[in-house]
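Reading through the structure tokens given below for one structure.
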Amino acid sequence: MKIVVGLGNPGRQYERTRHNIGWMVLDRIVDRAGWDGKGRSRDASWIASGRFHGLDLTIVKPQTFMNDSGLAVRKILAREHAPLNELLVVADDFALPFGKLRFRENGGSGGHNGLGSIIDELRTEKFSRLRVGIGAPERGFIDHVLAAFEPDERERLDSLLDAAADAVEEWARHGTNKAANRFNMFELRPADETRLAAPGAVEGPPDETGVRRTRTGWGRVLRKDVAE
């Protein structure tokens, strides 16, 4: 049995925020497997499990809020008597550009409180994780991770979730190294500018000076974002 944990926060206000992209990836797998409505609450988590494309898979969305994710992970591993090499944690990462995927077999939290909680509870860094890039913050990182995606990101979000779901399946079938070889070089397509608001419009891309207009005002974005 492979156990895939997606990190996120419960509550409608967090549903489509960057910090919940781990949950979004798992929701995509649930949709593919036809498990919608078949999950249950247990061990401080929402859990769905079954046979998916020939794989025995358990999907776990901790309901403890991000900073206590490790409590839920410890409980599910204990109940399932699962070794750490059967565990994958899917989490957001603002150190990666939006749309990048990065598998690692172990390592520190990278400042991610959910991963930090899991490391503290399990007393080890030796578990696989799939980091999904959400882009660098233009302001404080807390505001960034708890904010909704920008229009150019939302336009490509489905493609990213599909790729991440494929990556999870690859991990479950072939392990972290092979999944990393295939997906760590993944490149998300550029945004289709014809499907976005015009530069200078509300929620549009930045104009030639690097200024983006939002519903709450104007702000200058990083030059990297302007180039993209």
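The values are calculated or read from the model by the stated rules, or taken from the named source; none is laboratory data. Keep in mind that this is a model prediction, so the values were computed, not measured. We place every Cβ from the backbone using ideal geometry, glycine too, and count neighbours over all the protein chains shown. To get the accessible areas, we keep the full protein, side chains included, count just its heavy atoms, and leave off ligands, DNA and RNA. Shrake-Rupley method; radii C 1.70, N 1.55, O 1.52, S 1.80 Å.
Observations
- Dipole axis of segment 84-125 (+1 Lys, Arg; -1 Asp, Glu on Cβ), positive-most option in H112, P97, N85: P97
- Counting protein heavy atoms only, the chain has 47 percent of its accessible area on carbon and sulfur, 1.4 angstrom probe.
- In the chain, lysine pairs closer than 23 Å at Cα, eight or more apart or cross-chain: 15
- Acute angle (nearest 10 degrees) that the helix 113-122 long axis makes with the longest principal axis of the chain, alpha-carbon atoms: 10 degrees
- Applying a DSSP loop filter and a limit of 16 other Cβ atoms within 10 Å to the GluC sites (Glu not before Pro) in segment 128-170 leaves E138.
- Sites counted here are trypsin sites (Lys or Arg not before Pro) in a DSSP loop (not H, G, I, E or B) having no more than 15 other Cβ atoms within 10 Å; the longest part of the chain that contains none of them is 39-122.
- Cβ-derived FRET efficiency at R0 30 Å, R139 paired with N85, nearest 0.05: 0.20
- Relative contact order (%) - segment 6-101, alpha-carbon pairs under 8 angstrom, separation at least six: 33 percent
- Acute angle (nearest 10 degrees) that the helix 69-80 long axis makes with the longest principal axis of the chain, alpha-carbon atoms: 30 degrees
- Mean Cα-pair separation over length for the chain, i.e. relative contact order, pairs under 8 Å, 6 or more apart, %: 20 percent
- Alpha carbon Rg of the chain, scaled by the compact-globule rule 2.2 N^0.38 Å: 1.02
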